[in-house]
1. Within the stretch A:185-197, work out how many residues are over 13 Å from A:L29 (Cβ atoms) and open to solvent by less than 30 Å² (accessible area, probe 1.4 Å).
2. Inside the stretch A:28-39, can you point out the residues that are out of contact with any helix residue (DSSP H, G or I) (no Cβ under 8 Å at 6 or more places or on another chain) and part of a loop (DSSP other than H, G, I, E, B)?
3. Here are the criteria: (1) touching a residue at least 40 places away in the same chain (Cβ under 8 Å); (2) open to solvent by 50 Å² or more (accessible area, probe 1.4 Å). Tell me which single one B:A131 does not satisfy.
4. Starting from the stretch A:10-32, keep only residues that are more than 15 Å from A:H184 (Cα to Cα) and touching a residue at least 24 places away in the same chain (Cβ under 8 Å), then list their pairs with residues that are of a type in the set (K, R) and open to solvent by less than 90 Å² (accessible area, probe 1.4 Å) whose Cβ atoms are within a distance under 6 Å, requiring at least 6 positions of separation or different chains.
5. Within the stretch A:59-69, can you find the residues that are charged (D, E, K, R), over 16 Å from A:E49 (Cβ atoms) and surrounded by 24 or more Cβ atoms within 10 Å (Cβ to Cβ)?
6. Could you check the stretch B:5-55 and list, in sequence order, the residues that are within 14 Å of chain A (Cβ to nearest Cβ), loosely packed, with under 13 Cβ neighbours inside 10 Å and farther than 24 Å from A:A4 by Cα?
7. Are there any pairs with C-beta distances below 6 angstrom linking a residue in the stretch A:88-108 that is small (G, A, S) to a residue that is open to solvent by 70 Å² or more (accessible area, probe 1.4 Å), with the two at least 6 apart or on different chains, and if so which?
8. With (1) assigned to a helix (DSSP H, G or I); (2) free of Cβ contacts under 8 Å to residues at least 12 places away in the same chain as the list, and A:D48 as the residue in question, which single condition is left unmet?
There are 2 protein chains.
Amino acid sequence: MNDAHRKLSGRVVIATHNPGKLREMRELLAPYGIEAVSAGDLGLIEPDETGLTFLANAELKARAAAEVSGLPAFADDSGLCVDALDGDPGIYSARWAKEAGDFTAAMAHVHALMQARGAPTPRAHFVSALAIVWPDGHLEQFEGKVFGDIVWPPRGDKGFGYDPFFQPDGHSRTFGEMSSDEKHGIPADGSQALSHRARAFQDLSKACFE
Amino acid sequence: MNDAHRKLSGRVVIATHNPGKLREMRELLAPYGIEAVSAGDLGLIEPDETGLTFLANAELKARAAAEVSGLPAFADDSGLCVDALDGDPGIYSARWAKEAGDFTAAMAHVHALMQARGAPTPRAHFVSALAIVWPDGHLEQFEGKVFGDIVWPPRGDKGFGYDPFFQPDGHSRTFGEMSSDEKHGIPADGSQALSHRARAFQDLSKACFE
């Protein structure tokens, strides 16, 4: 029991229109008896992501959904931070992919920028920010990170987004070469999960479910 | 002019009892005509840092000060995230130093943990989270990062905290070997500052002063 944080129960809105994220969040919440309603099912519109941090963008998506639905709302914002690019694309990870055409084109751009800096470090980390906002405005926020190397060319066809371009430390395969359970699974023995989103969710579950 | 963010003007409370941070924040705010009052001068008590992210802790310090003072309040939370330790000490950077006795003892512990993991990467990054909370509850939040290598043994006697143990990319000296202006200065030509806190402040000034 962690009294510093508000507990979550009953129904919650998942403030995303991304079917992959919706499915993953539903799977994470189900063991805790949380009934997850999608923002799309409620006809909610996604707000502009005007925040300058992962957490600000997760919060504004959750806040908009909580205000309109009258239910606690849960949102995620995530991205890939490349050391040699001072943390870019970071909060712009999805936007770079959209503007470049797809994630591979965006990563070709990242790779070219890295090479232009000489012989840079291949280091990078994924960040996942999770926000829960209640209708009275209360906010709970969590962040998970996983560190590793940028891989070029990509390897693997699993996962999504930048997964085939990232090899987490201690592993010889990229996220694109791992099963969903290996990347996202929450270990039953309480040890740390691997992916950024699963790590953020472990913090959330300790704070808001125990 | 960035209409997505609320502008800051007039008087603001700096929600810190750390004289070094207070001085640095006053110096950053002065060029924008902001009059900075310290939380200590107003007799405000610092809340427990129960947040699980840098931004959550910055926000709760700012929120407590805004509620009691009736003024916009400005707070910082920062730390050193070591790749080989999955981002630790992170939000616990100050606590590790307090529990170990000082920053050097904390860093000896970090170094020992890193060595215990074989031949780990020396990579790390500093994070600075800045939050401004207005008396009506409105929040603006910013985050700056700087990437580099852990250095052991320490070098330099300038700066504070973990500065002598961190060498930013592209430099051959640690933060502990740099002048305050080199580390924290905001370049007049609009290029990126070096330190995490100065970078977060550049984002803040673009959002809340322009």
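The values are calculated or read from the model by the stated rules, or taken from the named source; none is laboratory data. Every value quoted in this text rests on a predicted model; they were computed, and no experiment measured them. All Cβ positions, glycine included, derive from the backbone under ideal geometry; neighbour counts span all protein chains shown. Calculation scope for accessible area: heavy atoms of the full protein, side chains included, ligands and nucleic acids excluded. Shrake-Rupley method; radii C 1.70, N 1.55, O 1.52, S 1.80 Å.
1. Of the residues in that region, 5 qualify.
2. Looking only at the stretch A:28-39, we keep the residues that are out of contact with any helix residue (DSSP H, G or I) (no Cβ under 8 Å at 6 or more places or on another chain), and these are A:29-31, A:33-35.
Answer for the stretch A:28-39, where residues must be out of contact with any helix residue (DSSP H, G or I) (no Cβ under 8 Å at 6 or more places or on another chain) and part of a loop (DSSP other than H, G, I, E, B): A:G33, A:I34.
3. Result: B:A131 passes all but (2).
4. A:A15/A:K61
5. If we filter the stretch A:59-69 for residues that are charged (D, E, K, R), which is where we start, we get A:59, A:61, A:63, A:67.
Filter again for over 16 Å from A:E49 (Cβ atoms), leaving A:67.
Correct list: empty.
6. We begin by selecting, within the stretch B:5-55, every residue within 14 Å of chain A (Cβ to nearest Cβ); these are B:5-6, B:47-55.
Filter again for loosely packed, with under 13 Cβ neighbours inside 10 Å, leaving B:48.
Residues satisfying the conditions do not exist here.
7. That search, which allows pairs on different chains as well, returns A:A97/A:F103; A:A100/A:H109.
8. A:D48 satisfies all of (1) assigned to a helix (DSSP H, G or I); (2) free of Cβ contacts under 8 Å to residues at least 12 places away in the same chain except (1).
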